[in-house]
Amino acid sequence: MTQQKSYIVGNWKMNGTQADIAILKAIADAAASDMTVDVGICPPATLIAAFAQGAGGIGVGGQDCHAKATGAHTGCVSAAMLKEAGATFSIVGHSERRADQHETDADVLGKAQALHEAGMSAILCVGETLDERDSGNAIAIVTGQLAASLPDSASADWLSVAYEPVWAIGTGRVPVSEDIAAMHAALRGTLVDLLGAAGASVRILYGGSVNPGNAQEILTIPDVGGALVGGASLKAETFLPIIQAAPR
Ligand code: 13P
């Protein structure tokens, strides 16, 4: 298997206005001198076009897309619309959408399929709640989410997976490294089961309270291929050190 570059992606969630293009530029300028890490930013949909123009070598992605290409779905955005705006990939299945918009694994599968059909790659998010972790069933639940949300058309070069424990998002709490390693190893096993040997090359990102202080430890855990970063991606001062901590 060829060694994949680390992949560090910022998820800006519902944050950011045109004024923040300066932050993107600072990240893009720093990333331009270091092509050994893949970097992506997922701004709100309103900023995708502006960010795509100023992103340089940074990938710009959506945070979600609708499963359908067009239609009467007020407030929603299709994969092709994201692509036209300049996005090359999108997050699907983020736990905030699974919770707030009641998205199911089947919904996430439809969205992932839509990305594939639009020629965009996917970051497919999975993760357990604290109750599920405490029940001792986290690995079965999270690998089950992956298996149930991965379309038949999925290929290893199209896909990244993000393991984001719900209880670690925005809380400052991070699982111990052994638990991250165990979950990533289990997800790797599921990917190889579903995609064959090529599943070994899919990058599995960790997400949940990644910051400059813990990034190096997390990013050197076996089978951690990068990070999906929320709060710390909103400022260049906290996002750039995470990129710098990624293994080369
Ligand atoms: P935080 O890094 O703010 O915990 O968010 C993680 C996340 O949800 C990224 O998608």
*Could you list, in sequence order, all residues of region 198-242 that are open to solvent by 10 Å² or more (accessible area, probe 1.4 Å), under 20 Å from residue 27 (Cβ atoms) and not in a loop (DSSP other than H, G, I, E, B)?*
203, 216, 231, 232, 236, 237, 238, 240, 241
*Do we have residue 141 as open to solvent by less than 70 Å² (accessible area, probe 1.4 Å) and within 21 Å of residue 46 (Cβ to Cβ) here?*
no
*Which of the residues spanning region 168-183 are surrounded by fewer than 19 Cβ atoms within 10 Å (Cβ to Cβ) and under 28 Å from residue 67 (Cβ atoms)?*
170
*Can you tell which of 146, 82, 109, 115 is closer than 22 Å to residue 218 by Cα, free of Cβ contacts under 8 Å to residues at least 60 places away in the same chain and open to solvent by less than 70 Å² (accessible area, probe 1.4 Å)?*
146
*Test set (1) within 17 Å of the chain's Cα centre (by Cα); (2) surrounded by fewer than 23 Cβ atoms within 10 Å (Cβ to Cβ); (3) charged (D, E, K, R); (4) assigned to a loop (DSSP other than H, G, I, E, B) - residue 128 fails condition number*: (2)
_Lone unmet requirement of (1) within 16 Å of the ligand (Cβ to nearest atom); (2) surrounded by 14 or more Cβ atoms within 10 Å (Cβ to Cβ); (3) closer than 20 Å to residue 128 by Cβ for residue 191_ = (1)
*Within the set of pairs 6 or more residues apart or between chains, which connect a residue that is more than 30 Å from residue 119 (Cβ to Cβ) inside region 159-182 to a residue that is away from the ligand (no atom under 16 Å from the Cβ) and open to solvent by 10 Å² or more (accessible area, probe 1.4 Å) with Cβ atoms less than 8 Å apart?*
177/221; 180/221; 181/221; 181/222; 181/223; 182/139
*Residues being more than 14 Å from residue 122 (Cβ to Cβ), of a type in the set (S, T, N, Q) and away from the ligand (no atom under 16 Å from the Cβ) - total across region 79-95*: 0
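The values are calculated or read from the model by the stated rules, or taken from the named source; none is laboratory data. Quantities reported herein were computed from a predicted structural model and do not represent experimental measurements. Every residue, glycine as well, gets a Cβ built from its backbone with ideal geometry; the counts of neighbours run over all protein chains shown. Heads up: the accessible areas ignore ligands, DNA and RNA and are worked out on the full protein's heavy atoms, side chains in. Shrake-Rupley method; radii C 1.70, N 1.55, O 1.52, S 1.80 Å.
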